Amino acid sequence: MRIVDIIEKKKNKEILSKEEIKFWIKGIIDESIEDYQSSALLMAIVLNGMNEEETANLTESMLYSGDIIKLDMIEGIKVDKHSTGGVGDKTTLVLAPLLAACGLKVAKMSGRGLGYTGGTIDKLESIKGYNCYLSEEEFLEQVKKIGVSVIAQTGDLAPADKKLYALRDVTSTVNSIPLIASSIMSKKLAIETNSILLDVKYGQGAFMKNIDDAKKLAEVMISIGKMLGRNTVAMITNMNQPIGQAVGNTLEVIEAIETLKGNGPRDFTELCVRSAEEILVQVGMSKDIDEARNTVSDAINSKSAYYKFIEIVKCQGGDVDQIEDTDKFPKSKHITNINSLKSGYIENINSERIGKLAMELGAGREKIDDSVNHRVGFKLVKKVGDKVKKDDILCTVYHDGLLSEDWVKQLYSAYRFTEVEIGQENIVENIIK
Ligand code: URA
């Protein structure tokens, strides 16, 4: 087999066989295929696509290019969820303890933030002492013992994807549904859970800019899950504004704690609760959504989800005092209110712009080895649908440095107003099975 013939085939819109895809991925790992050849093939895939079988075959080859995390030693139903990335997305912090409080097993490996989207690991590291680097053995032991652990990704999961993603990033070949779907699913399938819930976001600041593309991506990922024997369901959620009120690491942890206690913002609570309900039904733990709703609200109202979060923090070496009294989290040097320049209803808050402005405050990293400032970020006091009068507080900024005129101008431009009352929109648009 020759890679040049495989490139030629895809250039001519032909279907690649399982063996050809395996040959390519093996060549990436043993470095017998040059980066420029992979780049050419990636571009041919971007332009000419892949059918669902080719996409599943690509996923399978990437999945078996690295370690597989086996969970057989853990009894019970093991679940996982994945979000395609959002601004203010602290769902894992709530969902992991919530699901464990409902009796499921959550062995969760998460990532750090890059660019304007945050990462669960950066958020957890706002908690003094929290150890995201358990060994695989410690991680599995903790899930066995308390039902849940959240750590940074260990091992070498889907290394072929890592190499391909780096190439895609510099060759304008990121935006392709088969490539995104296989990239995400190869890493998810490498952890042997019973089910995966995908949260596919669309809108500004999301990979998918419109709902139709988000649905297409979700359908392809579900078909990969089915072909490779994993129970996979997807939620389509909108990003017409950042999720919840908090954007920035410590602020998001505090908001997650409030949400676990039942005092979270409406949209973020809806996202967490709906995700938990769908997972309970997906794995057959609840017979329908109504039963799942009761289980989930019991876990929140009885505070068992909140206590489970405390247990996670304790087991992973974090400072429980900070969780019990969130005033103990370190604060930014300055807190500045931003007042509205006009009256009306908020129609949209540009997530991508808010994410970038948060990154400029230091909450996120531009390059992979940048450090983050856990203290800084936003509290979005007014959200989409809210009525605002001139001079009302739109948001509060937590910052260490000074806010430049241009930065504040950019912040105002993230808000779009309308004169007409538009009501509050739902964050979860669709469930695809
Ligand atoms: N996230 C991934 O892991 N891979 C992609 O290709 C896009 C988003």
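The values are calculated or read from the model by the stated rules, or taken from the named source; none is laboratory data. No experiment lies behind these values; they were computed from the predicted model shown. Positions of Cβ are generated from backbone atoms using ideal geometry, with glycine treated the same way; all protein chains shown enter the neighbour counts. Accessible surface is based on the protein model in full, side chains and every heavy atom, while ligands, DNA and RNA are left aside. Shrake-Rupley method; radii C 1.70, N 1.55, O 1.52, S 1.80 Å.
When Tyr306 is tested against (1) within 30 Å of Phe139 (Cβ to Cβ); (2) open to solvent by less than 70 Å² (accessible area, probe 1.4 Å); (3) not acidic (Asp, Glu); (4) not in a helix (DSSP H, G or I), exactly one condition is not met: (4).
Candidates in the range 69-86 are the residues that are assigned to a loop (DSSP other than H, G, I, E, B) and not hydrophobic (A, V, I, L, M, F, W, C); of these, the one that is surrounded by the most Cβ atoms within 10 Å (Cβ to Cβ) is Gly86. All of (1) at pLDDT below 95; (2) surrounded by fewer than 17 Cβ atoms within 10 Å (Cβ to Cβ); (3) not in a helix (DSSP H, G or I) hold for Arg112 with one exception: (2). Looking at Glu255, Glu291, which is the one that is surrounded by 23 or more Cβ atoms within 10 Å (Cβ to Cβ) and of a type outside the set (A, V, I, L, M)? So the residue among Glu255, Glu291 that is surrounded by 23 or more Cβ atoms within 10 Å (Cβ to Cβ) and of a type outside the set (A, V, I, L, M) is Glu255. Scanning the range 164-184 for residues that are near the ligand (Cβ under 9 Å from one of its atoms) and either closer than 16 Å to Glu54 by Cα or crowded, with 24+ Cβ neighbours inside 10 Å (or both) turns up Leu164, Ser176, Leu179, Ile180, Ala181, Ser182, Ser183, Ile184. Only one entry in Glu137, Glu192, Glu141 is touching a strand residue (DSSP E or B) at 6+ places or on another chain (Cβ under 8 Å) and more than 16 Å from the ligand (Cβ to nearest atom), namely Glu192.
Residue under question is Ala246, and the condition is that it be open to solvent by less than 30 Å² (accessible area, probe 1.4 Å) and more than 14 Å from the ligand (Cβ to nearest atom); does it hold? Give the steps one after another, and end with the answer.
Values: open to solvent by less than 30 Å² (accessible area, probe 1.4 Å): yes; more than 14 Å from the ligand (Cβ to nearest atom): yes.
In short, yes.
Please determine whether any residue of the range 54-66 is open to solvent by less than 40 Å² (accessible area, probe 1.4 Å) and part of a loop (DSSP other than H, G, I, E, B). Scanning the range 54-66 turns up at least one residue that is open to solvent by less than 40 Å² (accessible area, probe 1.4 Å) and part of a loop (DSSP other than H, G, I, E, B). Please tell me if Gly111 is out of contact with any helix residue (DSSP H, G or I) (no Cβ under 8 Å at 6 or more places or on another chain), within 16 Å of the ligand (Cβ to nearest atom) and free of Cβ contacts under 8 Å to residues at least 60 places away in the same chain. No. Would you be able to say whether some residue in the range 197-204 is touching a strand residue (DSSP E or B) at 6+ places or on another chain (Cβ under 9 Å), away from the ligand (no atom under 16 Å from the Cβ), within 25 Å of Arg353 (Cα to Cα) and not basic (Lys, Arg)? Scanning the range 197-204, I find at least one residue that is touching a strand residue (DSSP E or B) at 6+ places or on another chain (Cβ under 9 Å), away from the ligand (no atom under 16 Å from the Cβ), within 25 Å of Arg353 (Cα to Cα) and not basic (Lys, Arg), so the answer is yes. Identification of strands (runs of 3 or more DSSP E) wholly contained in the range 327-420 with 2 or more residues that are over 26 Å from Glu258 (Cβ atoms) yields 344-349, 415-418.
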